[in-house]
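A.B. asks: First the structure, then my questions, so here it is.
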Amino acid sequence: MSGAAAVAADGNDVAVKRPEDRQSLTSALVAVARKDRAAFRRLYEHTSAKLFGVCLRILQDAGEAEDVLQDVYLTIWDRAGRFDPTRGVSPITWLSAIARNRAIDRVRASKTHLSRPIEFAVALADPAPSPAQNTEAAEASRRLADCLKELKAEHAAYVRAAFFDGHTYASLASANGVPLGTMKVWMRRAFLRLRSCLERLDGPHA
Amino acid sequence: MDPTPDPDDIHALAAELALGLLEGDDLLAAAAREVGDPTFAREVEAWRSRFAAMADEIAPRKPPADAWPRLVASLDGRDSVVDLQLRRRMRTWRALAIGAVAATVALAALLVWPRPSKAPTPMFMASLTGAEGAPAFLALYDPVRGRYFVAPATVEAKPGRLPELWLIPAGGRPIAVGLAEFGRIATMPGPAPSGAGATLAVSLEPPGGSPTGQPTGPVIAKGALRSL
């Protein structure tokens with residue numbers, strides 16, 4: 001999906017544009033830290049489609065996703081100064097994490113995730129390649145997808161359920177009729193297998 | 001906590017924390033470790049980056065047209081006095097609504113305050129639960145700073161009443177520690193828990209705290225102290 005949308009004739013509308021490169025987003029964030037509104041608008045234009053997508057996927061409700069999106073960008077406005085480009089995290093990853101955290105907080109407060117079915121039958125297809133996505137991110141996605149395939153299907157599904165639906169050990173165990181201790185043992189083994197697989201595919205810093 | 005943890009357990013713990021699988025005491029212990037142990041923190045960060053790749057499969061979706069104007073209106077309102085009061089109430093609501101996770105992480109983040117001593121000294125923590133079972137408060141005691149830190153988790157503010165913290169040695173009488181808050185983290189100097197089996201409790205007291213040196217109002221939450 002290209003993520004591009006027509007620029008409206010009305011100047012009040014914000015164009016939803018393709019994601020920008022790492023450097024442009026970084027400098028936008030640095031400017032937002034200084035409360036630069038024009039930079040904040042640019043940041044919004046280039047990232048809001050991605051972050052709204054994240055909110056929608058996690059909340060599965062347009063109204064909730066819209067509210068959380070507000071919260072997310074206000075958080076970004078407040079915390080832009082905390083983004084540290086020297087730490088190797090890409091700006092869009094940092095921003096997506098804020099969106100995910102806020103959305104998960106909301107899901108957990110409303111407990112709707114507890115009644116969602118765990119997706120056992122998810123086809124772990126390769127992520128759709130995006131023209132703007134850099135190679136490093138694409139490789140990281142592929143590595144994780146490949147390594148998740150090496151796990152038992154149920155265990156990979158639990159990892160995804162934690163990421164996308166905000167499940168904890170307790171809610172995973174109860175949703176699946178598995179004793180809490182057993183779930184912990186399974187997942188800890190799964191993490192160690194994931195770790196070995198990721199290191200095998202790309203060395204110790206995978 | 002095991003003094004010499006298996007390295008495999010630590011890798012798994014880092015993954016569990018990064019993915020958000022932990023709750024309550026486990027979450028507090030792991031979050032505290034993340035703050036105090038740079039090697040562990042790096043591992044948690046590495047797992048966060050690995051898992052973050054799962055978000056790549058999420059398709060972008062255009063937000064509604066009114067989202068940006070709404071945002072701008074919030075930004076414009078942010079510096080006004082009226083909005084400050086609203087935000088204070090929002091913060092309180094958040095502390096109460098989001099509950100234990102936010103409280104836990106906020107408490108753990110306090111550990112970055114510079115500690116006078118570099119030697120790893122065990123801290124003490126307690127999860128104070130009420131009749132409903134959900135943690136009402138989470139508390140930390142730092143012997144190096146000689147301070148208690150109390151974070152509200154899932155608890156409703158009672159008008160006209162304040163939460164007061166008490167240290168109860170095993171088999172002993174409550175010792176007043178200080179007043180906490182319903183809406184945000186409070187800190188106060190206090191005596192170290194002496195001996196095993198000490199508990200912390202919170203009672204509802206009038207403004208200014210209990211006038212008698214012992215709890216006068218109902219005890220709304222209690223929990224055993226354990227070392228981190």
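A.B. asks: Please enumerate the residues belonging to region B:34-62 that are over 19 Å from A:Phe191 (Cα atoms) and within 20 Å of the chain's Cα centre (by Cα).
C.D. replies: B:Val35, B:Gly36, B:Asp37
A.B. asks: Being among the aromatic types (Phe, Trp, Tyr) and within 17 Å of B:Asp66 (Cβ to Cβ) is the filter here; which residues of region A:52-105 pass it?
C.D. replies: Residues satisfying the conditions are A:Phe52, A:Tyr73.
A.B. asks: The conditions are (1) at the interface with chain A (Cβ under 8 Å from one of its Cβ atoms); (2) modelled with pLDDT of 90 or more, and B:Asp9 fails exactly one of them. Which is it?
C.D. replies: (2)
A.B. asks: List pairs: first in region A:93-109 and within 8 Å of chain B (Cβ to nearest Cβ), second in a helix (DSSP H, G or I), Cβ under 6 Å, 6+ apart or cross-chain?
C.D. replies: A:Thr93/B:Ala52; A:Ser96/A:Val54; A:Ser96/B:Ala55; A:Arg100/A:Val54; A:Asp105/B:Ile98; A:Ala109/B:Ala97; A:Ala109/B:Ile98
A.B. asks: Go through B:Arg42, B:Arg70, B:Arg88, B:Arg48 for me and flag whichever is modelled with pLDDT under 75 and part of a helix (DSSP H, G or I).
C.D. replies: Being modelled with pLDDT under 75 and part of a helix (DSSP H, G or I) holds for just one of B:Arg42, B:Arg70, B:Arg88, B:Arg48, which is B:Arg88.
A.B. asks: Within region B:189-207, which residues are crowded, with 16+ Cβ neighbours inside 10 Å and within 17 Å of B:Arg145 (Cα to Cα)?
C.D. replies: Passing the criteria: B:Gly190, B:Pro193.
A.B. asks: Something else about it: If you take just the helices (runs of 4 or more DSSP H) that sit entirely in region A:67-174, which of them hold at least 3 residues that are within 18 Å of B:Ile58 (Cβ to Cβ) and modelled with pLDDT under 90?
C.D. replies: A:91-110, A:135-149
A.B. asks: Please go through region A:26-77 and give me each residue that is within 15 Å of A:Ile104 (Cα to Cα), acidic (Asp, Glu) and either within 12 Å of another protein chain (Cβ to nearest Cβ) or touching a His at 6+ places or on another chain (Cβ under 7 Å) (or both), ordered by number.
C.D. replies: A:Glu66, A:Asp67, A:Asp71
A.B. asks: Kindly list the number of the only condition in (1) of a type in the set (S, T, N, Q); (2) under 14 Å from B:Arg50 (Cβ atoms); (3) more than 8 Å from chain B (Cβ to nearest Cβ) that fails for A:Ser171.
C.D. replies: Checking A:Ser171 against (1) of a type in the set (S, T, N, Q); (2) under 14 Å from B:Arg50 (Cβ atoms); (3) more than 8 Å from chain B (Cβ to nearest Cβ), the one that fails is (2).
A.B. asks: Would you mind stating whether A:Thr26 is hydroxyl-bearing (Ser, Thr, Tyr) and more than 17 Å from the chain's Cα centre (by Cα)?
C.D. replies: It is true that A:Thr26 is hydroxyl-bearing (Ser, Thr, Tyr) and more than 17 Å from the chain's Cα centre (by Cα).
A.B. asks: Which one of B:Ala46, B:Ala18, B:Ala30 is more than 7 Å from chain A (Cβ to nearest Cβ), within 16 Å of A:Ala161 (Cα to Cα) and touching a residue at least 12 places away in the same chain (Cβ under 8 Å)?
C.D. replies: On inspection, the qualifying residue turns out to be B:Ala18.
A.B. asks: While we're on this one: A:Leu29: closer than 21 Å to B:Val72 by Cβ and part of a helix (DSSP H, G or I), yes or no?
C.D. replies: When the stated conditions are applied, A:Leu29 passes them.
The values are calculated or read from the model by the stated rules, or taken from the named source; none is laboratory data. Just so it is clear, the model here is predicted, and its values are computed rather than measured. Note that we place each Cβ from the backbone using ideal geometry, even for glycine, and neighbour counts take in every protein chain shown.
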